[in-house]
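Following: one structure in structure tokens, then a few remarks.
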């Protein structure tokens with residue numbers, strides 16, 4: 001009878017790293033890469049975050065934090081439809097390309113640089 005098999009293939013690690021490097025450099029060339037010191041909002045209200053993003057003219061963004069995402073920041077942004085928040089380990093090509101602007105903390109930049117050295 002039929003046998004259940006997965007015919008999925010994994011991309012090699014170096015190919016995935018190269019794709020991440022190229023998508024990060026393309027965002028930087030387009031001027032759609034913003035680096036901030038930290039993700040610590042004054043309060044955990046979604047309305048406050050909407051005002052911040054409007055001030056920067058951001059409608060669609062992926063926000064990459066350090067190892068840990070601030071709980072108040074995650075709470076304030078989780079109800080925004082075109083805003084995604086990921087820790088630095090979760091940064092991937094698909095999510096970066098899905099959103100118009102890439103916002104990263106300095107910690108996330110350091111960790112991604114370390115991750116992509118190999």
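In the set 47, 82, 42, 54, only one residue is farther than 23 Å from residue 111 by Cβ and touching a strand residue (DSSP E or B) at 6+ places or on another chain (Cβ under 9 Å); that residue is 82.
Yes/no per residue for (1) touching a helix residue (DSSP H, G or I) at 6+ places or on another chain (Cβ under 6 Å); (2) buried (at least 16 other Cβ atoms within 10 Å of the Cβ); (3) at pLDDT 90 or above:
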| position | (1), (2), (3) |
| --- | --- |
| 16 | no, no, yes |
| 39 | yes, yes, no |
| 50 | no, no, yes |
| 55 | no, no, yes |
| 90 | no, no, yes |
| 104 | no, yes, yes |
| 113 | no, no, yes |
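Filter the range 78-88 for residues that are touching a helix residue (DSSP H, G or I) at 6+ places or on another chain (Cβ under 7 Å) and not in a strand (DSSP E or B); which is surrounded by the fewest Cβ atoms within 10 Å (Cβ to Cβ)? Within the range 78-88, the match that is surrounded by the fewest Cβ atoms within 10 Å (Cβ to Cβ) is 79. Restricting attention to the range 15-36, which residues are over 16 Å from residue 102 (Cβ atoms) and either touching a residue at least 60 places away in the same chain (Cβ under 8 Å) or in a loop (DSSP other than H, G, I, E, B) (or both)? Answer for the range 15-36, where residues must be over 16 Å from residue 102 (Cβ atoms) and either touching a residue at least 60 places away in the same chain (Cβ under 8 Å) or in a loop (DSSP other than H, G, I, E, B) (or both): 16, 17.
Given the structure, is residue 102 closer than 18 Å to residue 23 by Cβ and part of a strand (DSSP E or B)? Here the answer is yes, as residue 102 does meet what is asked.
Working only within the range 60-77, note down all residues that are loosely packed, with under 14 Cβ neighbours inside 10 Å and either touching a helix residue (DSSP H, G or I) at 6+ places or on another chain (Cβ under 8 Å) or farther than 25 Å from residue 24 by Cβ (or both).
At the first step, the residues of the range 60-77 found to be loosely packed, with under 14 Cβ neighbours inside 10 Å are 67-68, 71.
Within the range 60-77, 67, 71 qualify.
Figure legend. Inter-residue proximity from the range 98-118: first residues on the phi > 0 side of the Ramachandran plot, second residues loosely packed, with under 14 Cβ neighbours inside 10 Å and in a helix (DSSP H, G or I), beta-carbon distance below 8 Å, spacing 6+ or different chains. No pairs are indicated.
The values are calculated or read from the model by the stated rules, or taken from the named source; none is laboratory data. Given the structure is predicted, the values throughout are model-derived calculations rather than measurements. Note that each Cβ is placed from the backbone with ideal geometry, even for glycine, and that neighbours are counted across all protein chains shown.
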